[in-house]
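Worksheet: one structure, shown below.
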Amino acid sequence: MKIATALAGILMIGTALPACAAPPPVYDERPAKLEEARDLRDFDRRVVDIPMRDGVKLHTVILVPKGAKGAAMLMTRTPYNAEDQTNYGHSPHMASRIDGYDSAPDVVMAGGYIRVVQDIRGKYGSGGTYVMNRPLVGTSLNPTKVDDATDTYDTIDWLVKHVGESNGRVGILGISYDGFTALAALVNPHPALKVAVPMNPMVDGWRGDDWFHNGAYRQYNNDYIWDQVASRDNSAHYESGQADAYTLFMRAGSAGALATAHGLDQIGFWQKLKAHPAYDSFWQEQALDKILARAPLTVPTMLVHSLWDQEDIYGAPAVWKALKPLDKDGKLFLSMGPWYHGQEIERADSLGPIRWDSDTGKWWRMHVLAPFLAHYLYDTPMDVATVTAFQSGTNTWQRLPGWPTAKAETRLYLHADQSLGFAPSDKAARLDYISDPANPVTFLPRPNKLVGYENNPWPTWLTTDQRPVSGRPDVLTFTGPVLDKPVTIAGQPVVHLTASTSGSDSDWVVKLIDVYPDEVAGDPAMGGYELAVGMDIFRGRYRQSLSEARAITPDAPLAYTFALPPANHVFLPGHRIMVQIQSSWFPLYDRNPQTFVPSILDAKPADYVKATQKISVGGDGGSTIDLPVVN
């Protein structure tokens, strides 16, 4: 026992560390503080949390070209992660690092711009709370003293004081939600804001951007609402578990039941949508076209619109229409290209199977966007028309003094034999079809994928061939004769539909279509193709008032009037004009139960009933489409 105790004492003495010995090494091969290889870069990357007037700090990434001096700043404010938008790839070259959403790197680099990307409040690296398309200060919808307009002002104020390489001038640009923030910057703008380019902006979520189209709910956006609002960094993902959205949505029943099943009832913005299915003050107060029309435009602005924008096809033309009559100083410009949502900053020589004969995106960036920005940020000469518009059909760019170039005054008549033409017919008829919510008309052939941008038909669905639905018994198709001369339209077609339903509510979908010749030399896939030039949906309960839902009188022929999206198109000789009418567009839009209920979002299974739809054609009061024909 004594021997064991003594041995233990010897071992303890032998293993004891001297008081001055170094601590054992940490078992970690990473440096305590990483120093990036900045010498390889052709830019300087600065990350700053900029304080706003209420103390909230907004995460901001600033990329400064090496050797920059007297450079203008191009800013984007985004809910889509400023770090990601400034960290594409692994290149030490600034052009490659910003080669993605919003940036148009060819323009940024050629102009020597300082690139600034900021997380809006409540998203990713920025502090504060998040509110979808935060309403502006001064409305009843925003009880605070901050919004995207004040945050932009405060950010610009900081930038011009702290970025020494700049010339003190700032431009703002952005697509979609980032287009919304670019428009918000025009409300009480900072004096250093010299130019704005809102591209495909979210403007009015009820009339035709993102959430509703004329009252019909775009249930395809349920996953976006979840991903965007559920977490600060979009890490909480919407789960569907079904490859075919048609099956997913049909099993759920109503859009509200689908939302409940996926947890959206806990999301504040979804609760607002449920509470405001009509165009009430909630939507009207935050519509940016209405807000911006209250004060003169002081910042030169180019609105950018995609003629086949699958997400925000309403916004830019609505702002143009609201502001241009007030533009006494010539500060407002408009560009319209043959693009899907945001394609103007990408390669754009085609849209789905439609070929434009040139890279329209690159042409626009080099000949319109680049000189426009440089003119106001560097005082270089500019030769940019008030309106730059691509004319599909002829596939040419036009320089125009204004838009539209024609009023919707040329009537296209629907006839009893399901033909159509520019001459009226005395033969009156009521053509009917059965609309069955159990077998809705799809907006794309099944299977219907949820929204996506990689190997997904979503971006180009507006140009999808309409032949798959032409033969359905619940779709009325009217076809004109083969054209012997071109028919040019430049503006918004207006639908004048006279229709009845045996139900007490109904949706009406109207499509204006260019039918290609039976054979197209050199492009056999386009033989007989039915290209939609303009199409939209109208929810019948809002026939009398957009702000108040009212039941439809069953079996009574009633007048419905609504505009289709703008078109700048030539129906060429050898082509034909077609009009299609249907009563569902699923699963993009929620099904109308065809029974009047207080809210279609919460319709019950028993509410969904078949209805006989009748379209009045010919004679007095027959249905027509008024076209903006250029003579």
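Conditions tested, residue by residue: (1) over 25 Å from ILE625 (Cα atoms); (2) surrounded by 14 or more Cβ atoms within 10 Å (Cβ to Cβ).
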{"position": "LEU377", "(1), (2)": "yes, yes"}
{"position": "ASP383", "(1), (2)": "yes, no"}
{"position": "THR386", "(1), (2)": "yes, yes"}
{"position": "LEU412", "(1), (2)": "no, yes"}
{"position": "ARG430", "(1), (2)": "no, yes"}
{"position": "VAL441", "(1), (2)": "no, yes"}
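If I ask for residues that are surrounded by fewer than 17 Cβ atoms within 10 Å (Cβ to Cβ) and under 20 Å from GLY361 (Cα atoms), which ones from segment 388-410 would you list?
Passing the criteria: THR394, ASN395, THR396, GLN398, ARG399.
Considering segment 189-205 alone, what residues qualify as being hydrophobic (A, V, I, L, M, F, W, C) and under 13 Å from the mean Cα position of the chain (by Cα)?
Matches in segment 189-205: MET199, MET202, VAL203.
Considering only residues that are among the aromatic types (Phe, Trp, Tyr) and in contact with a Lys or Arg (Cβ under 9 Å, 6 or more places away or on another chain), which ones fall in segment 306-352?
The answer is TYR314, and nothing else.
(1) under 24 Å from the mean Cα position of the chain (by Cα); (2) surrounded by fewer than 18 Cβ atoms within 10 Å (Cβ to Cβ); (3) of a type in the set (Asp, Glu): which one isn't true of ASP99, the others all being true?
Just one mismatch for ASP99, condition (2).
Any idea which of PRO25, PRO105 is outside the structural domain of VAL368 (by TED's automatic domain parsing) and either among the basic types (Lys, Arg) or free of Cβ contacts under 8 Å to residues at least 60 places away in the same chain (or both)?
Just one listed residue meets the conditions, PRO25.
Step by step: first the residues of segment 347-365, then only those that are part of a loop (DSSP other than H, G, I, E, B) and of a type in the set (Gly, Ala, Ser), then the one that is farthest from ILE313 (Cα to Cα). Which residue is that?
Per the stated criteria, the residue is SER358.
For ASP523, state whether it is buried (at least 23 other Cβ atoms within 10 Å of the Cβ) and of a type in the set (Asp, Glu).
Criteria not met by ASP523.
For segment 428-486, how many residues meet the condition of being free of Cβ contacts under 8 Å to residues at least 60 places away in the same chain, among the small types (Gly, Ala, Ser) and more than 20 Å from ILE577 (Cα to Cα)?
1
Which is closer than 24 Å to THR360 by Cβ, among the charged types (D, E, K, R) and in a loop (DSSP other than H, G, I, E, B), of ASP474, ASP383?
ASP383
With the requirement that a residue be among the basic types (Lys, Arg) and within 18 Å of SER584 (Cα to Cα), what does segment 208-263 give you?
Result: ARG218, ARG251.
Please verify whether PHE571 is under 30 Å from LEU248 (Cβ atoms) and among the aromatic types (Phe, Trp, Tyr), treating the condition exactly as stated.
Considered against the rule, which asks whether it is under 30 Å from LEU248 (Cβ atoms) and among the aromatic types (Phe, Trp, Tyr), PHE571 comes out as no.
Among the residues of segment 32-57, what is the count of those that are modelled with pLDDT under 95 and among the small types (Gly, Ala, Ser)?
Count: 2.
So, in segment 477-492, of the ones that are surrounded by fewer than 21 Cβ atoms within 10 Å (Cβ to Cβ) and of a type in the set (A, V, I, L, M), which residue ends up farthest from ASN568 (Cα to Cα)?
My answer is VAL482.
It is to be established whether one or more residues within segment 366-377 are at negative phi, in a loop (DSSP other than H, G, I, E, B) and at pLDDT 95 or above.
no
In segment 233-258, what count of residues is obtained for those that are touching a Lys or Arg at 6+ places or on another chain (Cβ under 7 Å) and either among the polar types (S, T, N, Q) or part of a loop (DSSP other than H, G, I, E, B) (or both)?
1
So the check is Cβ under 9 Å with 6+ separation or different chains; which pairs have a first residue in segment 291-302 that's over 11 Å from ILE172 (Cβ atoms) and touching a residue at least 24 places away in the same chain (Cβ under 8 Å) and a second one that's of a type in the set (S, T, N, Q) and crowded, with 21+ Cβ neighbours inside 10 Å?
What qualifies is MET302/SER335; MET302/THR388.
Contact list please: Cβ distance under 6 Å, first residue in segment 220-249 and over 25 Å from PRO445 (Cα atoms), second residue among the charged types (D, E, K, R) and in a helix (DSSP H, G or I), pairs at least six apart or on different chains.
ASN234/ASP227
For segment 296-346, what are the residues that are of a type in the set (Gly, Ala, Ser) and part of a loop (DSSP other than H, G, I, E, B)?
GLY330, GLY342
Answer yes or no: is there a residue in segment 458-465 that is aromatic (Phe, Trp, Tyr) and assigned to a helix (DSSP H, G or I).
Taking every residue of segment 458-465 in turn, at least one turns out to be aromatic (Phe, Trp, Tyr) and assigned to a helix (DSSP H, G or I).
Quick one: count up the residues across segment 580-624 that are within 17 Å of ALA429 (Cα to Cα) and among the aliphatic types (A, V, I, L, M).
Of the residues in that region, 3 qualify.
Given (1) among the hydroxyl-bearing types (Ser, Thr, Tyr); (2) assigned to a loop (DSSP other than H, G, I, E, B); (3) within 25 Å of the chain's Cα centre (by Cα), where does THR388 come up short, assuming only one miss?
So THR388 meets the others, but not (2).
Would you check if GLY122 is assigned to a loop (DSSP other than H, G, I, E, B), of a type in the set (Gly, Ala, Ser) and touching a Ser or Thr at 6+ places or on another chain (Cβ under 9 Å)?
Here the answer is yes, as GLY122 does meet what is asked.
Just give me the residues in segment 102-128 being touching a helix residue (DSSP H, G or I) at 6+ places or on another chain (Cβ under 7 Å), modelled with pLDDT of 95 or more and crowded, with 23+ Cβ neighbours inside 10 Å, in sequence order.
Correct list: ARG115, VAL116, VAL117, GLN118, ASP119, ILE120, ARG121.
So for segment 185-203 (the condition being buried (at least 23 other Cβ atoms within 10 Å of the Cβ), at positive phi and in contact with a strand residue (DSSP E or B) (Cβ under 9 Å, 6 or more places away or on another chain)), does at least one residue qualify?
Among the residues of segment 185-203, at least one is buried (at least 23 other Cβ atoms within 10 Å of the Cβ), at positive phi and in contact with a strand residue (DSSP E or B) (Cβ under 9 Å, 6 or more places away or on another chain), which makes the answer yes.
So, in segment 266-295, of the ones that are among the aliphatic types (A, V, I, L, M) and not in a helix (DSSP H, G or I), which residue ends up nearest to ALA230 (Cα to Cα)?
Top of the filtered list is ILE267.
Restricting attention to segment 402-426, which residues are in contact with a strand residue (DSSP E or B) (Cβ under 7 Å, 6 or more places away or on another chain) and within 17 Å of GLN580 (Cβ to Cβ)?
Correct list: LEU412, TYR413, LEU414, HIS415, ALA416, GLN418, SER419, LEU420, GLY421.
Restricting attention to helices (runs of 4 or more DSSP H) lying wholly within segment 129-232, give those where 3 or more residues are farther than 21 Å from HIS341 by Cβ and at pLDDT 95 or above.
By residue number, 148-162.
The values are calculated or read from the model by the stated rules, or taken from the named source; none is laboratory data. Just so it is clear, the structure is predicted and the values come from calculations on it, not from any experiment. No Cβ is skipped: glycine too gets one built from the backbone with ideal geometry, and neighbour counts run over all protein chains shown.
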